[in-house]
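Undergrad: Below you'll find the structure I mean.
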Amino acid sequence: MQNLDPRTTALVLIDLQKGILPFAKGPRSGQEVVDASARLAKRFRELGGLVVLVRVGWHDDYADSLRQPADQPTHLKPGMLPENWLEFADGLDVSPKDIQIVKRQWNAFFGTELDLQLRRRGIKTIVLGGISTNIGVESTSRSAYELGYDQVLVEDAMSAGATDHHEASVKFIFPRVGFVRNTDEVIAALGA
């Protein structure tokens, strides 16, 4: 991986919201993911780079929610989600300049304006992190690859429901669509 140009690189963080953090079980906690992501976001903002915060949410009637597999509950019911579900995790220091996207599916590009917002700003490379590695992050990464974005996947700014789920994405999928790096390497690649 070469140096990253903050003018053409965006940090895209997936589902770092209070309702999702408890799902991070391995290899690190939700708070550890938030801490690494906050370091990245701070550096991007210092350099005038774009930070995109993606959350998953639905309308009050849940009619736009994900379809569930046959062996899981068929639909969300009103009152099923915690009141703070959509709130960003404490410590992210959300800026008014950050782009905020609400997605309805796993993939942050599907049915959202993410691609439009990135292209209008001349973004060619995305740096990805979030929860869950093998669901929201991987789905978004696959789509980004298909859309032609270069990618850096920040391994220590991700976690999943289980360590083996995280490791499968990091070992088998991510090297095929981009560079797998850690927070310190990304910050160094952004330079001064």
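Undergrad: Taking amide H positions as placed in the peptide plane 1.01 Å from N, state which residues far from residue 152 in sequence (5 or more) or on other chains have amide H under 5 Å from it.
TA: Amide H neighbours of residue 152: 126, 127, 128, 179.
Undergrad: How many nm separate the modelled label positions at residue 188 and residue 46, each set 7 Å beyond the Cα in the direction of the Cβ?
TA: 1.6
Undergrad: With 23 Å as the limit, write out which pairs from 25/97; 25/124; 18/171; 97/171; 103/171; 42/124 have Cα-Cα distances beyond it, or answer none.
TA: Violating the 23 Å Cα-Cα cut-off are 25/97; 25/124; 18/171; 97/171; 103/171.
Undergrad: Name the most mobile residue of 176, 28, 39, meaning the one with the largest mean-square fluctuation, in a Gaussian network model of the chain with Cα contacts below 10 Å.
TA: Fluctuation is largest for 176.
Undergrad: Next question. Could you please state how large a percent of the accessible area of the chain is carbon and sulfur, counting protein chains only and using a 1.4 Å probe?
TA: Carbon and sulfur: 51 percent of the exposed surface of the chain.
Undergrad: A further question on this structure: Before rounding to the nearest 500, sum -39500 (n - 2.57) across all DSSP H runs of length at least 4 in the chain and divide by the residue total; then give [θ] at 222 nm in deg cm²/dmol.
TA: That calculation yields -7500 deg cm²/dmol at 222 nm.
Undergrad: While we're on this one: Give me the mean projected area, in nm² to one decimal, of the convex hull enclosing the Cα positions of the chain.
TA: So the Cα hull casts an average projection of 10.4 nm².
Undergrad: Starting from the Cα of residue 110, move 7 Å in the Cα-to-Cβ direction to define the label point; list residues of region 116-140 whose amide nitrogen is under 15 Å from there.
TA: Residues passing the 15 Å test: 132, 134-140.
Undergrad: Compare 154, 102, 170 by solvent-accessible area with a 1.4 Å probe and give them largest first, with all protein chains kept in place.
TA: Most to least solvent-accessible, the answer reads 102, 170, 154.
Undergrad: Something else: With all protein chains present, calculate the accessible area of residue 177 using a 1.4 Å probe and round the result to the nearest 10 Å².
TA: Near enough 20 Å² of accessible area.
Undergrad: Rounded to whole Å, give me the distance from the Cα center of region 174-192 to that of region 92-127.
TA: 19
Undergrad: Assign one of three labels to region 80-178, namely rounded, prolate or oblate, based on the Cα gyration tensor with a ≥ b ≥ c the square roots of its eigenvalues; rounded applies when a/c is under 1.5, prolate when it is not and a/b is larger than b/c, and oblate otherwise.
TA: Oblate is the answer for region 80-178, as a/c is 1.5 or above yet b/c matches or exceeds a/b.
Undergrad: Would you mind computing, in nm to one decimal, how far apart the modelled labels at residue 172 and residue 102 are, each placed 7 Å from Cα along Cα→Cβ?
TA: A separation of 3.5 nm, rounded to one decimal place.
Undergrad: As a test question: what accessible area, to the nearest 10 Å², does residue 147 have when a 1.4 Å probe is rolled over all protein chains in place?
TA: Result for residue 147: roughly 70 Å² accessible.
Undergrad: Using the heavy atoms of the protein chains and a 1.4 angstrom probe, tell me the accessible area per residue for the chain in square angstrom.
TA: 51
The values are calculated or read from the model by the stated rules, or taken from the named source; none is laboratory data. All figures in this text were calculated on a predicted structure; none of them were measured in a lab. With ideal geometry, Cβ positions are generated from the backbone for all residues, glycine too; neighbour counts draw on all protein chains shown. Just so you know, the surface numbers come from the protein's heavy atoms only, side chains and all, with ligands and any DNA or RNA stripped out. Shrake-Rupley method; radii C 1.70, N 1.55, O 1.52, S 1.80 Å.
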